[in-house]
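Any read-out appearing in this document is the output of simple, stated calculations on the displayed coordinates, not a laboratory observation. Just so it is clear, the model here is predicted, and its values are computed rather than measured. A quick note on method: Cβ atoms are made from the backbone with ideal geometry, for glycine too, and the neighbour counts reach across all protein chains shown.
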Amino acid sequence: MTPADIEKVQAYLTKTFGTKGLEVKPRKQKDSAEVYIGEEFIGVVYVDEDEAGSYLFEMAILKEDL
């Protein structure tokens with residue numbers, strides 16, 4: 001993901017989740033970025049290969065976290 005992509009996705013997720021502590025960080029893989037709230041990793045955003053300009057957000061909720 002480009003820095004511009006990351007900025008757009010971060011603004012959208014911050015607005016959607018209503019939190020200012022959310023940060024989208026680049027990864028070594030160029031097709032995705034990591035999402036954090038504070039220091040807590042919450043998921044990964046991927047570039048949607050099927051629809052240009054769209055993204056997929058994947059967040060796992062583990063049994064031990066509930």
For the chain, what is the calculated [θ] at 222 nm in deg cm²/dmol (nearest 500), taking -39500 (n - 2.57) for each run of four or more DSSP H residues and dividing by its residue count? -7500 deg cm²/dmol
Could you list the trypsin sites (Lys or Arg not before Pro) in the chain that lie in coil according to DSSP, counting only those with at most 11 other Cβ atoms within 10 Å of their Cβ? K20, K28, K30
Roughly speaking, what is the stretch gain from Y46 to Y12, that is 0.36 nm per residue apart minus the C-alpha to C-alpha distance, in nm to one decimal? 10.8 nm
Angle in degrees between helix 3-17 and the longest Cα principal axis of the chain, rounded to the nearest 10: 40 degrees
Averaged across orientations, what area in nm² does the convex hull of the alpha carbons in segment 3-65 project? 4.9 nm²
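Find out how many positive minus negative residues lie around Y46, taking Lys and Arg as positive, Asp and Glu as negative, among other residues whose Cβ is under 9 Å from that of Y46.
-4
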Simple spin-label estimate for I37/A60, 7 Å along Cα→Cβ, in nm, reads 1.9 nm
